[in-house]
Amino acid sequence: MTADWIAVATTKDLARRRKLRVEVNGVAIALFQADGQVYALADTCIHQERSLFKGTMLHGRVICPGHQWAFELDDGYEESQDRYQPTYPVRVDADTIYLNPTPRVGTSAPAETEAEG
């Protein structure tokens, strides 16, 4: 791993509820696991500053507990409002989840999974 990637959790930490809130450099980030992939979104909703970690995952989206905006897990897109929630690049190496703390807005890139070894 390069210096840009920070270990934030293990796959075991995420396995039970399929979501986890972590802090990186003082920024709250929500991790979600869906369809064998790990995704990271800024935890604070761009709309009403609610915690997305407290939201519900449904059909590849996280539903904000505020006004039920539905953000795509892979790119943070909210279709009904045509806006993006910031996302973060994620890598899974063996059982460790790494995050690049530079947010992305409006881009799509699923987590990278590397083989153990």
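The values are calculated or read from the model by the stated rules, or taken from the named source; none is laboratory data. Worth saying up front: this structure is predicted, and the values here are computed from it rather than measured. Neighbour counts are summed over all protein chains in view; Cβ atoms, including those assigned to glycine, are modelled from backbone coordinates with ideal geometry.
The residue that is modelled with the lowest pLDDT, among those in the range 96-112 that are polar (S, T, N, Q) and farther than 16 Å from VAL38 by Cβ, is THR107.
Which ranges mark the strands (runs of 3 or more DSSP E) fully within the range 1-112 that have 1 or more residues being free of Cβ contacts under 8 Å to residues at least 60 places away in the same chain? It would help to see each step written out before you state the result.
Details: elements: 6-10, 19-24, 27-34, 37-42, 56-58, 61-63, 70-72, 90-93, 96-99.
Fully inside the range 1-112 and qualifying: 19-24, 27-34, 37-42, 56-58, 61-63, 70-72, 90-93.
Note on the range 8-53: residues that are on the phi < 0 side of the Ramachandran plot and more than 13 Å from the chain's Cα centre (by Cα) amount to 11. Filtering the range 1-38 to residues that are under 19 Å from CYS64 (Cβ atoms), of a type in the set (A, V, I, L, M) and either surrounded by 15 or more Cβ atoms within 10 Å (Cβ to Cβ) or touching a His at 6+ places or on another chain (Cβ under 8 Å) (or both) leaves LEU20, VAL22, ILE29, ALA30, LEU31, ALA34.
Restricting to the range 56-78, name every residue that is under 12 Å from the mean Cα position of the chain (by Cα) and either surrounded by 22 or more Cβ atoms within 10 Å (Cβ to Cβ) or more than 22 Å from ASP4 (Cβ to Cβ) (or both). Show your work before the answer.
We begin by selecting, within the range 56-78, every residue under 12 Å from the mean Cα position of the chain (by Cα); these are 57, 60-62, 71-76.
Across the range 56-78, the qualifying residues are MET57, GLY60, ARG61, VAL62, PHE71, GLU72, LEU73, GLY76.
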